[in-house]
Amino acid sequence: MTIPSAAIGRVLDAIRARRPLVHNITNYVVMNTTANALLAVGASPAMVHAEAEVEEFTGIADALVINIGTLSPPWITAMHLAAAKARTFGKPWVLDPVGTGATRLRTDTAFALLEHRPTLIRGNGSEIVALAGGIGATRGVESTAGEAASLDAAKALAAATGSIVAVTGPVDRVTDGAEVWSCANGDVRMTRVTGLGCTLSALSAACLAAEPAVAALSACVILGVAGELAAAATEGPGSLQVAILDRLADLDATTLERQARLS
Amino acid sequence: MTIPSAAIGRVLDAIRARRPLVHNITNYVVMNTTANALLAVGASPAMVHAEAEVEEFTGIADALVINIGTLSPPWITAMHLAAAKARTFGKPWVLDPVGTGATRLRTDTAFALLEHRPTLIRGNGSEIVALAGGIGATRGVESTAGEAASLDAAKALAAATGSIVAVTGPVDRVTDGAEVWSCANGDVRMTRVTGLGCTLSALSAACLAAEPAVAALSACVILGVAGELAAAATEGPGSLQVAILDRLADLDATTLERQARLS
Amino acid sequence: MTIPSAAIGRVLDAIRARRPLVHNITNYVVMNTTANALLAVGASPAMVHAEAEVEEFTGIADALVINIGTLSPPWITAMHLAAAKARTFGKPWVLDPVGTGATRLRTDTAFALLEHRPTLIRGNGSEIVALAGGIGATRGVESTAGEAASLDAAKALAAATGSIVAVTGPVDRVTDGAEVWSCANGDVRMTRVTGLGCTLSALSAACLAAEPAVAALSACVILGVAGELAAAATEGPGSLQVAILDRLADLDATTLERQARLS
């Protein structure tokens, strides 16, 4: 089933109309940039991780993101509490398995969180390969797995978990285990900005809250097009990080539809 | 009693002359931007939260900010230790009750911290209403309470606690429970940048250390005018966040006095 | 022994060729900017601090940075585990003793970490003086010690520990206890941007992983030249922070060699 680019534009409009509250349990590196990206695109961010309040907060949020980028034991407990609550309440939630495969703690934590059935799992090739039970040669938090292996792992992971899986890189692939949708937006210079994968996961949660059907692919297009527009007008990774926020804020459905590179 | 705009300019000059050391126990989202805002305006920031050192650090700081944006139990303990020490030493301290009303933990924590008698409480309408015992329909960390209800809550809170209360939004209001001072500076685009309320609380602490009498109103004018100047020359929330730091650094007393919108 | 500026250029090229993975246990304020600076210069950053994974991660990293800017007990445990592992594995590691002298916890923690024999200790004058056992009048995290006292302390600290010591400020000095190398690059406006000392420590770790012999001095020149180029074209501390990342990314060996101010 092909997803028309017009559907992506409608997701952006839906975010701005509904202004979903996105509950983030995320890493320290990206908290500021993620909150700003959510605000820029038209969603409402909150970073809440204390065990004593995560369940209550998941209850009032429209979507949840769990990102394991900077783990520690009390946060892992909070992640399980929040994910369980999201599942109970039928709220969409995104798992970003940062660095899965790099250390045992990350791999174990990501695996354990699967029991709460994430709506969407978004990672790079190495992370998805590692999470699918393969042997990803993850080096740090960057992707080194080949594209074909990554896509196979993504399909297997989706089939096994019932989650949508997005494996992102030069071309982003979204799969439900059977079909695959691709997005070729983005710019290679975005790899020099820290945490844009994390931003993509957060934007995916905003899309899920607004329009579940094509959420993951929409987030890839939204960030990809914003990144392309930003990269064309900036002179390095510092100004690129800033300009992506500017472009997320002034992006419109018409531009998205025109520039989406779907297949 | 009207506060003349010239008094605001003098506060800015006093910060630069005295370079107050501001001790921040604040949230992860804003640590970088808050530290940069304090440096830009001419103060000296430090982020210190370990139970083993907060009291010692409060002892050498000129003012303290406690911001409950990303709570966890050890930080709550540290907040109480630092606030108690600030009170004992007669050092000014600011409570920023982020998200009060959104979860029980936040509401309880903010209430409990009142026992240490903050010099200033700065929040948005929902937070101030919730803290005043009302029932703010806080959604995330954004303000949804009406302006009249917010001001009534601020006055009641100030009267009950002896703190100055600043309830900020499109128009910022500062009250001691009897009188009310207003500042209409700022730009609506500032709501698309995360953590500017937190920045305002930190700047308020710098003002308190430099010139207690008109500190809260001064901080509203300083950030508001910097935000207006920045918004006029930027094209989105990313570049606005950056430009606000630039404008805080080159702001002068004359510009402040000319652009202050007080009533 | 004079270090020729051509050697500095070769370090930059080596970072880009080898793309070292730098393991950071650092403070919350600078995590985003440090990760971005490492990516910009051509290294690969990771922020990993959980006790359960730090040793494993040090094992796969090429260099380690331990920065005590925002301490808490579980992080101190992780710092010791990681530093011990780096020493066992013969991997270079950098100690950034932020705020040593300001509180007992910081001074004690920095002293205790010396047992793991850091390859490099990088701090400002007050921190180095305090760590060398002197009585630095540290005010917050800024340097107030005089230049001569700082250099004497750096030499004594290097002689006592076997570490290279870099004491940075208007002129950066690197010493092995006997010889002293100096770098006069940088711009006074860089003192208005939070965490550039932390960035320098992280860049030093990247240099150590690429080319140990002249690493500390190279990092001073790299950040100093990037800062000079950035400061010449920006209008305040916000845009300076952004432009430094842009300049780190497009810096080349020829520019470094031409602009290095060594002595």
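For peptide B:65-78, the mean count of partner chain Cβ atoms within 10 Å of a residue's Cβ comes to 3. Positive end of the dipole of the protein assembly as shown (Cβ unit charges, origin at the Cα centre): among A:Thr100, C:Phe111, C:His23, the Cα lying farthest that way belongs to C:Phe111. Listed values for the stretch C:110-125 are Karplus-derived 3J(HN,Hα) couplings in whole Hz (6.51 cos²θ - 1.76 cosθ + 1.60, θ = phi - 60°), namely 4, 4, 4, 5, 4, 4, 8, 6, x, 5, 9, 10, 10, x, 7, x, and x replaces Gly and Pro. Antiparallel DSSP bridges in the stretch C:5-259: what percent, to the nearest 5? For the stretch C:5-259, the DSSP antiparallel bridge percentage is about 30. Neighbours of C:Ile25, meaning other residues whose beta-carbon lies under 14 angstrom from its beta-carbon, give a summed charge of -3 when Lys and Arg score +1 and Asp and Glu score -1. When the helices of chain C are scored as -39500 (n - 2.57) per DSSP H run of n ≥ 4 and the total is divided over every residue, the value at 222 nm lands at -16000 deg cm²/dmol. Between copies, the label points of B:Arg18, set 7 Å from Cα on the Cα→Cβ line, lie 5.0, 5.0 nm apart, reported in increasing order to one decimal in nanometres. Within the listed set A:Ala178, A:Ala84, A:Ala130, the residue fluctuating most in the Gaussian network model of chain A (springs between alpha-carbon atoms under 10 angstrom) is A:Ala178. Other residues with beta-carbon under 11 Å from the beta-carbon of A:Ala52 carry, at +1 per Lys or Arg and -1 per Asp or Glu, a net charge of -3. For peptide C:241-253, the mean count of partner chain Cβ atoms within 10 Å of a residue's Cβ comes to 5.
Label points for A:Thr2 are taken 7 Å from Cα along Cα→Cβ. From this copy to the others they lie 6.8, 6.9 nm apart, shortest first. A Cβ-based charge dipole, computed about the Cα centre of chain A with Lys and Arg at +1 and Asp and Glu at -1, lands at about 120 debye.
From the Cα gyration tensor of the stretch C:5-259, with a ≥ b ≥ c the square roots of its eigenvalues, which class applies: rounded if a/c is under 1.5, or else prolate if a/b is larger than b/c, or else oblate? It is rounded, given that a/c, with a ≥ b ≥ c, falls under 1.5.
Would you calculate the convex hull of the Cα atoms in the protein assembly as shown and tell me its volume per residue in Å³?
Looking at the protein assembly as shown, the number lands at 131 Å³ per residue.
Relative to one another, the C-alpha centroids of the stretch C:83-135 and the stretch C:1-49 are positioned 19 Å apart. GNM, chain B, Cα, under 10 Å: largest mean-square fluctuation among B:Leu120, B:Leu39, B:Leu208? Among B:Leu120, B:Leu39, B:Leu208, the largest GNM mean-square fluctuation belongs to B:Leu39. FRET efficiency for the A:Glu147 to C:Arg16 pair, using the beta carbon distance and R₀ = 25 Å, is estimated at 0.55. Excluding same-chain neighbours fewer than eight residues apart, the aspartates and glutamates reachable from A:Lys85 by a Cα-Cα span under 17 Å are A:Glu51, A:Glu53, A:Glu55, A:Glu56, A:Asp62, A:Glu115. Each residue of the stretch A:10-20 was assigned a 3J(HN,Hα) from its phi angle through the Karplus curve 6.51 cos²θ - 1.76 cosθ + 1.60 (θ = phi - 60°); the sequence is 5, 5, 4, 4, 5, 4, 5, 6, 9, 6, x Hz, with glycine and proline shown as x. Ligands, DNA and RNA are left out, and with a 1.4 angstrom probe the accessible area of the stretch A:5-259 is 31 Å² per residue. From most to least packed by mean Cβ count within 10 Å, the peptides C:25-33, A:160-168 give C:25-33, A:160-168.
The residues neighbouring B:Ala110, those whose beta-carbon lies less than 13 Å from its own, together hold a net charge of -2 under the Lys/Arg +1, Asp/Glu -1 convention.
By DSSP, the beta bridges lying fully in the protein assembly as shown are antiparallel in about 30 percent of cases. Please work out whether the stretch C:69-205 counts as rounded, prolate or oblate from its C-alpha gyration tensor, where a ≥ b ≥ c are the square roots of the eigenvalues and a/c under 1.5 means rounded, while otherwise a/b larger than b/c means prolate and anything else oblate? Because its axes are fairly even, with a/c under 1.5, the stretch C:69-205 counts as rounded. Rounded to the nearest 20 debye, the dipole magnitude of the protein assembly as shown is 160 debye, with +1 charges on Lys and Arg beta carbons, -1 on Asp and Glu beta carbons, and the Cα centre as origin. Comment: the Cα-to-Cβ extended label point of A:Ala233, at 7 Å, lies 1.7, 1.8 nm from its counterparts in the other copies, nearest first. When chain C is treated as a Gaussian network with alpha carbon springs shorter than 10 Å, the biggest mean-square fluctuation among C:Glu56, C:Glu228, C:Glu211 belongs to C:Glu56. Coupling constants for the stretch B:86-103 follow from the phi torsions by the Karplus curve (6.51 cos²θ - 1.76 cosθ + 1.60, θ = phi - 60°), and in residue order they are 4, 5, 4, 7, x, 8, x, 9, 10, 9, 10, x, 4, x, 4, x, 7, 9 Hz; glycine and proline get x. Applying a 4.7 Å cutoff between beta carbons, the unpaired cysteines of the protein assembly as shown are A:Cys198, A:Cys207, B:Cys198, B:Cys207, C:Cys198, C:Cys207. Mean partner shielding of peptide C:92-103, defined as the number of other chain Cβ atoms within 10 Å of each residue Cβ, is 2.
The values are calculated or read from the model by the stated rules, or taken from the named source; none is laboratory data. These numbers come from a predicted model, not from an experiment. Methodologically, a virtual Cβ is constructed for each residue, glycine included, from the backbone with ideal geometry; neighbour enumeration extends over all protein chains shown. What goes into the accessible areas is simple: the full protein's heavy atoms, side chains included, and nothing from ligands, DNA or RNA. Shrake-Rupley method; radii C 1.70, N 1.55, O 1.52, S 1.80 Å.
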